[in-house]
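Notes to accompany the following structure.
All of the numbers you see were taken from the coordinates with simple rules; none came from a lab. Predicted model only: the values in this text are computed from it and were never measured. Note that each Cβ is placed from the backbone with ideal geometry, even for glycine, and that neighbours are counted across all protein chains shown.
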Amino acid sequence: MATYKKRGFKPKNKAEEQQQSVDNSTTAEVFSTLDESASRSEQWVYRNQNYILGVIGVIAIGVLGYLAYNQFVQAPREATAANEMYYPQQYFDQALSGTENDSLYLLALNGAEGKYGFLDIIDEYSGTKAANLAHYSAGMAYLNMQKYQEAIDYLEDFSSDDAILGALAKGGIGDAFMQLDQPEEALSYYEKAFKHNENQYTTPKFLHKAGITALELGEQSKAAEYFERIKEEYPNSAEAGSIDVFLGMAKSGN
């Protein structure tokens, strides 16, 4: 077992003198090895310093470039795209509650008088939040114009975690598939719509549509399940008003 030797320790006999010689030799070897390792590391750094500096430089340029792009390119682009949305959105809102809807939807989609429509914003400002929202508005415009495949195409390109818009987009795709006489696909999207976010507006709305579609497909048990959820979980919703009728149809197999 090694013993601690105080500074200035002097061996008392031959054995201790030999042990001290061994300890000194071992310590010298350790420091020599450390010196050699440090020297090799320094030599490696010296030989590869251009490569190391190059890598550091590339990383620094990448980070600075990303920050500069966001500040000087993407941020102004986002702002411009958002401003461009004002013109077509006015026509879209008017079409939802006015007359001559198709002509208003066309103005919203294609623009006029030198102003961009939703389709222009999608093309010119791809990757911005405004372009993403334009996909939703364009899809809904086509849905209301009874151009169902176009509605599906644009709504599928819309992405949002928003509780309402995300569900409405999926439900809109379901509506389009129903009009195209593809109820299986419609049911799939209605289910995605009510699962997107549970709330008092979109959840009972699309549970109801999913239940009716399931009835059409002969899936009575699934339809009954969805109607039951409306009755139990959303008794104050508009869909709950006639839910007993639909629930009776599902349970009777009619």
Per-residue ³J(HN,Hα) for the stretch 146-162, Karplus 6.51 cos²θ - 1.76 cosθ + 1.60, θ = phi - 60°, Hz, x for Gly and Pro: 6, 9, 6, 5, 4, 4, 4, 4, 6, 5, 5, 8, 8, 10, 7, 8, 4
Cβ-Cβ FRET estimate between Asn236 and Glu216, R0 fixed at 25 Å, reported to 0.05: 0.40
In Hz, Karplus ³J(HN,Hα) per residue of the stretch 129-137 (6.51, -1.76, 1.60; θ = phi - 60°; x = Gly, Pro): 5, 5, 5, 4, 5, 5, 4, 5, 4
Separation in nanometres of the label points that stand 7 Å from Cα toward Cβ, at Ala79 and Glu225: 5.1 nm
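For the stretch 113-190, what does the alpha-carbon gyration tensor say about shape, rounded, prolate or oblate, given a ≥ b ≥ c as the root eigenvalues, a/c under 1.5 as rounded, and a/b over b/c as prolate? Walk me through the numbers before you get to the answer.
Values: a/c = 2.73, a/b = 1.60, b/c = 1.71.
Oblate shape, in that a/c is at least 1.5 and b/c is the bigger or equal ratio.
So if each residue of separation counts as 0.36 nm, and I subtract the Cα-Cα distance between Lys129 and Lys251, what length gain in nm does that give? Before the final figure, lay out each step's value.
Details: separation 122, 0.36 × 122 = 43.92 nm, distance 4.52 nm.
Extra length available between Lys129 and Lys251 comes to 39.4 nm.
If each residue of separation counts as 0.36 nm, what is the full-extension length gain between Ser97 and Asp181 once their alpha-carbon separation is subtracted?
Values: separation 84, 0.36 × 84 = 30.24 nm, distance 2.72 nm.
Taking Ser97 through Asp181 to full extension adds about 27.5 nm, to one decimal.
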Cut-off 20 Å, label 7 Å out along Cα→Cβ of Ala112, residues of the stretch 130-165 by amide N: 137-147
Cross-link table Lys129/Lys222; Lys147/Lys251; Lys147/Lys209; Lys147/Lys192, entries beyond 31 Å C-alpha to C-alpha: Lys129/Lys222; Lys147/Lys251
Loop-located chymotrypsin sites (Phe, Trp or Tyr not before Pro) in the stretch 171-200, at most 10 other Cβ atoms within 10 Å (DSSP): none
